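Peer 1: I am attaching a structure below and will ask some questions about it afterwards.
Readers should treat all values here as calculations from the given coordinates under stated rules, not as data from a laboratory. Owing to the predicted nature of the structure, the values given are computational and were not obtained by experimental measurement. As a convention, Cβ positions derive from the backbone with ideal geometry for all residues, glycine included, and neighbour counts pool all protein chains shown.
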Amino acid sequence: MWQRLIDDEVRARLERLDVPFNRYGLDPYGISKDHLGVFYTALGHVYRRYFSVRTVGIEHVPLTGRALVVGNHSGGLPVDASMVIASLFFECEPPRHAHGMVEKFAQNLPFLSSWFSRLGQLTGLPEHAVRFLEDDRMVMVFPEGARGTGKLYRDRYKLVRFGTGFMRIALQTGSPVLPFAFVGGEEALPTIYHAKTLARMLGTPYFPVPPYLVPVPRPFPCDLWYGPPMTFEGDGTEPDEVIEGYVDQVRVVVADLIERGRAARRQRRARE
Amino acid sequence: MKVLITGIGGGLARQVAMRIHEAGHTVLGVDRRPWPDAPTGIEIFNTDVRKRPAEDVFRSHRPEAVVHMATVTHFTARREERYRINLGGTRAVLDHCHNYGAQHVVFVGRHTIYGAAGDAPLYRTEAEPPLAGTTFPDLADLVAADLYAGSALWRFPDLRTAVLRLVYTLGPSHRGTLANFLAGPRVPMVMGFDPLYHFMHEHDAADAIVLALKHRLNGVFNVAGPPPVPLSTLIEATGRKALPLPEFILPRFLGRFGLPFLPRGSLNHLKYPVVVDARPFAAATAFTPAFDEVRVMDGFRWS
């Protein structure tokens, strides 16, 4: 039944994906071709029609091999993650599948945890990132973590502190860092308040409340800017100050991509 | 080479015994259970590994290698009994190996000792701590036996010790933890969860144990066959029907209406995966499974 839901473009792209599916359409991590098909079919509509995402710099994405895709988190609901995954699948030739690192609480949620697993979105553990990268796959990380999604609208596009774990993993696995900026997510779901009690009841870090109360992102046009891959010297055992220096370089590039994305939007709006 | 196999009456142990025997080695076996049609040349001693007659076998026959498979994994045995057999038996076997000059011992353990938990890595390496003692207390005896067997690596440095952590086995014998779980026409699942299950064909498992012996492995090794598959796929491919039930209702149905009995703590194993990284074992022995996941499930279904 599911297979009928998968559109032809997604089906053709799945055939070109560099994932070793077995006869049941499963890979060694439990990623399911059928689940991917349904997911990407739905995501394609959201990516192209709902958020009308414009992707700039897709030529910077490596066509093969490992890479750590690193960028800013939008406040509220992290629609940025799914849009990055969509852009790598729909814009890259051949398509690429990115593995996200999911918050631990999501593994305890029925249905959601199962879908995350079938889509290759595993718990955010260093072991998962290292293993995926050693298998020459792409791993997407948001070094701002839950702090990033916890931003309110008044703090939009201000980067909070980057964690350093991703850089040690990049060095340990010899992976390039592919920086990106996602612009538009903050306006799609402008969070003005966090309902802490509700978040505690649901077991989530935050429960965003927008001015219109229902935490559903609006169909706001978004932009995704990729920068050139960055490589760093080392094996991941460097002292903190060295790692923090590298992380700052990534943070500066992401901040610059955000500014370029926002400036381009302002110019576009002025022309309109 | 003279090899002693404890728990030789078990299905997997018999296959190991046959392979070693056919390779031209002398095979001795200790078990409380009989093996009436054991091939000529395999000598069976019907005794408990913890009893004096078992020690006499070590003393008088002086095996050079020992494969310890006399552990209880089914939950029909009482917890105290499981502790006595699994931990007490392992202690006795290791002591006898040390005291009576065995050069190599292979302890056959289970991958479930890693425990099923939502925040654990998908692929467990040998360096991962075993969590089953907290996530599933009924497995605490197997965790203790595994760790105790591992302690022989430093307590008895002259005795080469291989601790194997095997994934579930499936095969034509229809024996074992996973085979029992899949025994009925309907198999319970926790609604909303579909963990990966890691298993291998029982023939591959027997081959892997023999390879551990042949290569005189020393250390702790995960042993696995093909990649894991989701529980729903396993159920469907083995010709069963999945019965997803909400977590708060499921325990009331277990052991009734044709569903398998499972201890309460085992529900985590229906929610989260226990999958192992077996690359070090493959590198040390050149082991490659002869049966892929499709053949294992087909074989179980149609045998």
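Peer 1: Looking only at segment A:2-271, where both bridge partners belong to it, what percent of the DSSP beta bridges are antiparallel (to the nearest 5)?
Peer 2: 35
Peer 1: What does the charge add up to near A:Glu93, with Lys and Arg as +1, Asp and Glu as -1, over the other residues with Cβ less than 14 Å from its Cβ?
Peer 2: Details: positive: A:Arg13, A:Arg16, A:Arg96; negative: A:Glu9, A:Glu15, A:Asp18, A:Glu59, A:Glu91.
Result for the local shell: -2.
Peer 1: May I pose another question? Explain nothing, just the number: dipole magnitude of segment A:88-162 about its Cα centre with +1 on each Lys and Arg Cβ and -1 on each Asp and Glu Cβ, in debye rounded to the nearest 20. Mind showing how you got there, number by number?
Peer 2: On the way: 11 positive and 9 negative charges, 101 e Å.
In total the dipole reaches around 480 debye.
Peer 1: Over segment A:96-237, with a single point scatterer placed on each C-alpha, what log10 of the ratio I(q)/I(0) does the Debye formula yield at q = 0.08, 0.09, 0.11, 0.21 1/Å?
Peer 2: -0.26, -0.33, -0.49, -1.45
Peer 1: Output needed: percent of Cα pairs per 5 Å distance bin for segment A:2-271, bins running from 0 to the one holding the longest distance.
Peer 2: Each 5 Å bin holds this share of Cα pairs: 1, 6, 12, 17, 20, 18, 14, 9, 3, 1, 0.
Peer 1: Still on this structure: Report the calculated FRET efficiency for A:Lys104 and B:Asn99 (r = Cβ-Cβ distance, R0 = 56 Å), to the nearest 0.05.
Peer 2: Approximately 0.75, to the nearest 0.05.
Peer 1: Longest span of chain B, sites excluded, free of trypsin sites (Lys or Arg not before Pro) in DSSP loop with at most 11 other C-beta atoms within 10 Å?
Peer 2: Values: sites that count: B:Arg78, B:Arg256.
With trypsin sites (Lys or Arg not before Pro) excluded where exposed in loops, chain B gives B:79-255 as its longest stretch.
Peer 1: Right, here's the next one. Note down the nm distance, to one decimal, between modelled labels 7 Å out along Cα→Cβ at B:Asn46 and at B:Glu22.
Peer 2: Going by the 7 Å Cα→Cβ label model, 2.7 nm.
Peer 1: Next question. At a Förster radius of 51 Å, what calculated FRET efficiency corresponds to the Cβ-Cβ distance of A:Asp18 and B:Arg155, to the nearest 0.05?
Peer 2: Once the sixth-power term is evaluated, E becomes 0.60.
Peer 1: What nm value, rounded to one decimal, do you get for the distance between A:Phe111 and A:Ala263 when each label is placed 7 Å out toward the C-beta?
Peer 2: It is 4.5 nm.
Peer 1: For chain B, what is the calculated [θ] at 222 nm in deg cm²/dmol (nearest 500), taking -39500 (n - 2.57) for each run of four or more DSSP H residues and dividing by its residue count?
Peer 2: Value at 222 nm, helices only, nearest 500: -9500 deg cm²/dmol.
Peer 1: Still on this structure, I have one more. Fewest Cβ neighbours within 10 Å first, please rank B:Phe291, A:Phe166 accordingly. Let's see the in-between values first.
Peer 2: Numbers: B:Phe291 19, A:Phe166 25.
Ranking B:Phe291, A:Phe166 by Cβ neighbours within 10 Å, fewest first, gives B:Phe291, A:Phe166.
Peer 1: Further question: May I ask you to evaluate 6.51 cos²θ - 1.76 cosθ + 1.60, the Karplus curve with θ = phi - 60°, for each residue of segment B:20-35 and list the ³J(HN,Hα) values in order in whole Hz, giving x for glycine and proline?
Peer 2: After applying 6.51 cos²θ - 1.76 cosθ + 1.60, I find 5, 4, 5, 7, x, 8, 7, 10, 10, x, 10, 6, 6, 8, x, 10 Hz.
Peer 1: Still on this structure, please answer the following. Might you report the magnitude of the Cβ-based charge dipole of chain B about its Cα centre, with Lys and Arg at +1 and Asp and Glu at -1, to the nearest 20 debye?
Peer 2: Values: 33 positive and 28 negative charges, 126 e Å.
About 600 debye.
Peer 1: Between A:His45 and A:Glu59, what length comes free when the chain is fully extended (0.36 nm per residue of separation minus the Cα-Cα distance, one decimal in nm)?
Peer 2: Full extension from A:His45 to A:Glu59 adds 2.8 nm.
Peer 1: Can you pull the Kirkwood radius for segment A:23-137, inverse mean 1/r over Cα pairs, to one decimal in Å?
Peer 2: About 15.0 Å, per the Kirkwood formula over Cα pairs.
Peer 1: If you don't mind, there's one more thing I want to ask. Can you flag which of A:Lys33/B:Lys271; A:Lys104/A:Lys196; A:Lys33/B:Lys241; B:Lys214/B:Lys241; B:Lys241/B:Lys271 are past 29 Å Cα-Cα?
Peer 2: Working: A:Lys33/B:Lys271 21 Å; A:Lys104/A:Lys196 18 Å; A:Lys33/B:Lys241 22 Å; B:Lys214/B:Lys241 41 Å; B:Lys241/B:Lys271 18 Å.
Violating the 29 Å limit, Cα to Cα: B:Lys214/B:Lys241.
Peer 1: Still on this model: Cα-based Rg of the protein assembly as shown per 2.2 N^0.38 Å, rounded to two decimals?
Peer 2: 1.10
Peer 1: Based on the Cβ-Cβ distance from A:Glu241 to A:Ala146, what FRET efficiency comes out when R0 is 22 Å, to the nearest 0.05?
Peer 2: That pair, A:Glu241 with A:Ala146, gives E of 0.30.
Peer 1: Describe numerically, in nm with one decimal, the distance between label points set 7 Å from Cα along Cα→Cβ at B:Ala286 and at A:Lys158.
Peer 2: 6.4
Peer 1: Could you put B:Glu64, A:Glu91, B:Glu202 in order, starting from the residue whose Cβ has the fewest other Cβ atoms within 10 Å?
Peer 2: Least crowded to most crowded, the residues run B:Glu64, A:Glu91, B:Glu202.
Peer 1: In addition: What number, in percent, do you get for the relative contact order of chain B if the mean sequence gap of Cα pairs under 8 Å and at least 6 apart is divided by its residue count?
Peer 2: Working: 605 pairs, mean separation 56.6, N = 303.
Relative contact order for chain B comes out at 19 percent.
Peer 1: Only helical DSSP H runs with n ≥ 4 go in: add -39500 (n - 2.57) per run for chain A, normalise by residue count and round the 222 nm mean residue ellipticity to 500 deg cm²/dmol.
Peer 2: Theoretical 222 nm ellipticity from helices: -11500 deg cm²/dmol.
Peer 1: How shielded is A:133-145 by partner chains, expressed as the average number of their Cβ atoms within 10 Å of its Cβ atoms?
Peer 2: That works out to 0 on average.
Peer 1: Pairs of alpha-carbon atoms within less than 8 angstrom and 6+ residues apart define the contacts here; what relative contact order does segment A:112-182 have, in percent?
Peer 2: Relative contact order, segment A:112-182: 28 percent.
Peer 1: Let me ask something else. Let me understand segment A:1-57 better: what is its radius of gyration from the alpha carbons, and its Dmax, in angstrom?
Peer 2: Cα radius of gyration and Dmax of segment A:1-57 are 12.6, 37 Å respectively.
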